[in-house]
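The values are calculated or read from the model by the stated rules, or taken from the named source; none is laboratory data. If you're wondering where the values come from, they're calculated on a predicted model, not measured in any experiment. Cβ placement follows ideal geometry from the backbone for every residue including glycine, while neighbour counts extend to all protein chains displayed. Heavy atoms of the whole protein, side chains included, go into the accessibility calculation; ligands, DNA and RNA do not. Shrake-Rupley method; radii C 1.70, N 1.55, O 1.52, S 1.80 Å.
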Amino acid sequence: MLRTLLHLIAAAALAAASLAAQAGGVPKPVVKIENPGKCIAPADEMRRNHMEMLKHQRDLTLREGVRGAAAGKAASLNGCIECHASKQTGSVTGGKESFCESCHSYAAVKLDCWDCHQPKAGYKATGAKP
Amino acid sequence: MSHNKRRSFLVASAAGLGTVALGVAVAPGIRLIEVSHANPVRPAGQPASSAVRWGMLVDTTRCATGCDDCVKACAAENGINETVADKRQGAQWIRKIDIKEAKTGRQHSLPMMCQHCANPPCVDVCPTGASMKRADGIVLVDRHVCIGCRYCMMACPYKARSFVHQPLSGQNPEVPRGLGCVESCTLCVHRVDKGQQPACVESCTTAGHNALLFGDLNDPNSEISRRAAAAATSQIRADLKLNTGVRYQGI
Amino acid sequence: MQLAPFSRAEEQRFYLVAAMGGLVTAVGLLAALYMEHAGHVVTGMTNQVVWGMPHVFAIFLIVAASGVLNVASIGSVFGKKVYKKRAPLSGLLCLAMLTGGLFVLMLDLGRADRLIIAATHYNFTSVFAWNVFLYSGMFAIVAVYMWTLMERRMNGYSKPAGFAAFIWRLILTTGTGSIFGFLVARQAYNSAVLAPMFIIMSFAWGLAVFMIVQKTMFWWNSIELHPSVRTRMKNLLGVFVAAVLYFVIAYHMTNLYFAKQIAFERFILLDGGIFPLLLWGGYLLLGTVAPLILIYHPGLSARRGSVMLASLLVVLGAFCQLYVFIIGGQAFPLEIFPGMEVSSSFYDGQVEHYAPSLPEILLGFGGIAIAFLITAVGVRVLHFLPQDDLSQLEAAASISD
């Protein structure tokens, strides 16, 4: 409910933002690339298509059991996190500076991925008997 | 089946595969060599195959009352570490059940978890198709599609599923889990896809109990198939004809 | 009979009532938001009793929604004039209650924000998914049916439309019953009697709700229901209530004698604590025997308000019955190892406790409030007050008396 509402607001905000961008008024978000290396696709394509790539990959992995990619690189969410996590916080989320939120907070996109997915790179969960 | 024959077969096949390294690294030897045969790593980019059907054999004669190594290992592996005020709302992917035959008084202790049915009722009833069976027989919840209606929990004859009642944090990166979705034993799918065994099986074996055996039920030469052929095994609630992937020996 | 235009005082009264409905709806919505935000920890539902109070409310509303349409069906399909006058109100109530029920069901989801997924991903082997179709179809069919009733030019089509609605709602209630009927693993639900039982329950509950609403509307407008209509409708309610009783007995008998669910029946009928209490006291005594007396006792049934009271009791009994059915069915331990004593950290083999929490109850009432609000506004805007042709009734009464 709340999230659906947020999505609606996000869509409206995005439309407004793009209008504003056309007008040339609003500053672009600052995206920090902290780790060297090459993204799984050219930056331009990533900017436009990363959501589709992620959704495609998640269905492939979860429903068909495909891990990694035969050629090139898979759009694994854990993969993104390993490369894009901030050096300071170790995470891709939490604060406008963080990689995944840099654009999203600007475009008012709210992800539910972090309800489940661990946003920190190299994190090891502790186990406890329930 | 004689132990010798099995051993020679295994050595041959292990050598053939050339994947002994994994097994040898962790004692006690022979069992794990078998495992490396039973569970080859699938190459990157390839989907799970229906030629395989993953299963588990529980030897209840070796499963001790009060031992919960498998439960602990599961919790550690899958990051089931949240504190819940009302324990009834807590998740349990695997649990130990103590049973006593009413007539004879005979007692058993055994682990209970998702039985990875070939005809899973949870998959039948799920309105969105979030409950699903992978080609290799592993029953999973696609938590990107689960709406949290809990119909599958009503349908499961084993109470194998849990609903996440509260927001979580500190998940294991390989095992995402979170608020409002139904979850259950994944047979450690993230490990199996890497050629490892489920955490419960590994811990049981490492501790020397050897009550759990994981393998391919479709492969007549896998140890699990051979054990199932040699000794009487049973499926729980066999009357429901669900054809479970988890089999029990000794009850 | 012409109604006087609304007076100022009456106008104010209406807005007061509507505001009250709106308030309860808003509280229900807030409760749902809270549940979604904090998670189901704030409810009494657990991993043992996975469906709770919201489902009791939702299933009551949905089943009664289908039953309330019966009034229209008797009019259109079976050609009874008195009922035909009530068809528009019956249709409106059906839509209102269906909306209320779905509201509760949807907002109880663990991930209510993913409603769009529920609408776009279908698993066609799932009874739940069929129900999504049945409900949306119901909205469409009833809407068309109401149109044929209210639009003079379309009146000629009201019979086929009414027939379609009649058939559809039989299927719908069968579908609702089957949600449980397909749960073969659970002792309480593995019964073929469930589908017909739900249909007959829908008749009784729907008619009871209809009588309550009708009475309230007449009271609001200071009109008396004609005695012959009152007698006819109350007797029909009596028949339905008795029929439900028959099915309830049949359900428990088949469980006892054919399915050999002796332990389960013992639990529900004798030593299950709250459940036998609600079944015997709530459903049987208050919800069945008392209404039957109120309806059929020559002296009592003539008293003012007796039919209203009977209808209210039937609704109360319905809630008790659903509580026993839904919660009781889950509280009884699932038999994983038939014939064995079982214990575990996951409460295997133990009778479950369930204590509904405030948010989930508020959510349930929110659903009722939505149904109420839709009905109140609909009746107001569309003039749905059943208006009997008195001269015709007098004539009919003098013939049949």
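When a/c is below 1.5 the answer is rounded, else prolate if a/b is larger than b/c, else oblate, so apply that to segment C:1-149 with a ≥ b ≥ c taken from the square roots of the Cα gyration tensor eigenvalues.
Since a/c reaches 1.5 but b/c is at least a/b, the shape of segment C:1-149 is classed as oblate.
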Per the C-alpha gyration tensor (a ≥ b ≥ c, the square roots of its eigenvalues), segment B:50-249 is rounded if a/c is under 1.5, else prolate if a/b beats b/c, else oblate; here it's rounded
Percent of beta bridges antiparallel (DSSP, the protein assembly as shown, rounded to nearest 5): 85
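Peptides C:311-322, B:44-55: what's the order by average Cβ count within 10 Å, highest mean first?
C:311-322, B:44-55
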Using a Förster radius of 60 Å, what is the FRET efficiency between C:Gln387 and A:Leu54 based on their Cβ-Cβ separation? Nearest 0.05, please. 0.50
Largest-first principal axis extents of the Cα set of segment C:31-111 (Å): 52, 23, 14
Could you state the number of Å between the C-alpha centres of segment A:62-130 and segment C:152-214? 48
Whole-Å distance linking the alpha carbon centroid of segment C:220-266 with that of segment C:277-326 is 9
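Which value at 222 nm does chain C reach when only helices count, each DSSP H run of 4 or more adding -39,500 (n - 2.57), with the total divided by all residues and rounded to the nearest 500 deg cm²/dmol? List each step's numbers first, then the result.
Working: 16 runs with 262 residues, N = 401.
Computed mean residue ellipticity for chain C: -22000 deg cm²/dmol.
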What is the total of Lys pairs in segment B:50-249 with C-alpha atoms under 16 Å apart, excluding same-chain pairs fewer than 8 positions apart? 4
Tell me which residues come under 5 Å, amide H to amide H, from B:Val246 once H is placed; ignore anything under 5 positions away on its chain. B:Met56
Quick check: pseudo-label points 7 Å beyond the Cα along Cα→Cβ at A:Glu45 and C:Leu309, how many nm apart are they? 7.8
What order do you get for B:187-193, C:348-354 when each peptide is scored by the mean count of other beta carbon atoms within 10 Å, highest first? B:187-193, C:348-354
Need one value: the accessible area of C:Val132 in square angstrom, 1.4 angstrom probe, rounded to the nearest 10. 50
Can you tell me which of C:Ile199, C:Ile62, C:Ile116 moves the most in a GNM of chain C? Springs connect C-alpha atoms under 10 Å apart. C:Ile116
Neighbouring partner chain Cβ atoms per residue of C:35-41, average, 10 Å criterion: 6
Work out the mean other chain Cβ neighbour count within 10 Å for the residues of B:69-77 and drop it here as an integer. 3
In the full protein assembly as shown, how much of C:Thr231 is accessible to a 1.4 Å probe, in Å² to the nearest 10? 60
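Label the protein assembly as shown by shape, choosing from rounded, prolate and oblate, from the square roots a ≥ b ≥ c of the eigenvalues of the Cα gyration tensor; if a/c is under 1.5 it is rounded, and otherwise prolate applies when a/b is larger than b/c, oblate when it is not.
oblate
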Using a 10 angstrom cutoff on alpha carbons, build the Gaussian network for chain C and name the most mobile of C:Lys260, C:Lys81, C:Lys159. C:Lys260
Once normalised by the length of chain C, the mean sequence separation of its alpha carbon contacts under 8 Å that are 6 or more apart gives a contact order in percent of 29
Paramagnetic reach from C:Ala143 (point 7 Å along Cα→Cβ, amide N under 18 Å) across segment C:92-111: C:92-103
Listed residues B:Arg226, C:Arg169 arranged by accessible area, highest first, probe 1.4 Å: B:Arg226, C:Arg169
What does the convex hull of the Cα atoms come to per residue for segment A:26-115, in Å³? 111
At 18 Å minimum axial length over the Cα atoms and a Kyte-Doolittle cut of -1.0, report the qualifying DSSP H helices in chain C, or say none. C:8-38, C:53-68, C:87-107, C:127-150, C:158-181, C:194-220, C:227-257, C:306-323, C:358-382
Which value, in Å² rounded to 10, gives the accessible area of C:Phe365 with a 1.4 Å probe and all protein chains present? 100
Convert each backbone phi in segment B:228-238 into a coupling constant with the Karplus relation 6.51 cos²θ - 1.76 cosθ + 1.60 (shift: θ = phi - 60°), then list the ³J(HN,Hα) values in order as whole Hz, x for Gly and Pro. 5, 6, 7, 10, 6, 10, 9, 9, 7, 6, 4
List C:Phe78, C:Phe57, ordered by accessible area with a 1.4 Å probe, largest first: C:Phe78, C:Phe57
Taking springs between alpha-carbon atoms closer than 10 angstrom, which of C:Ser228, C:Ser66, C:Ser76 fluctuates most in the Gaussian network model of chain C? C:Ser228
Partner chain Cβ atoms within 10 Å, averaged over the residues of C:47-53 - can you pull that number for me? 6
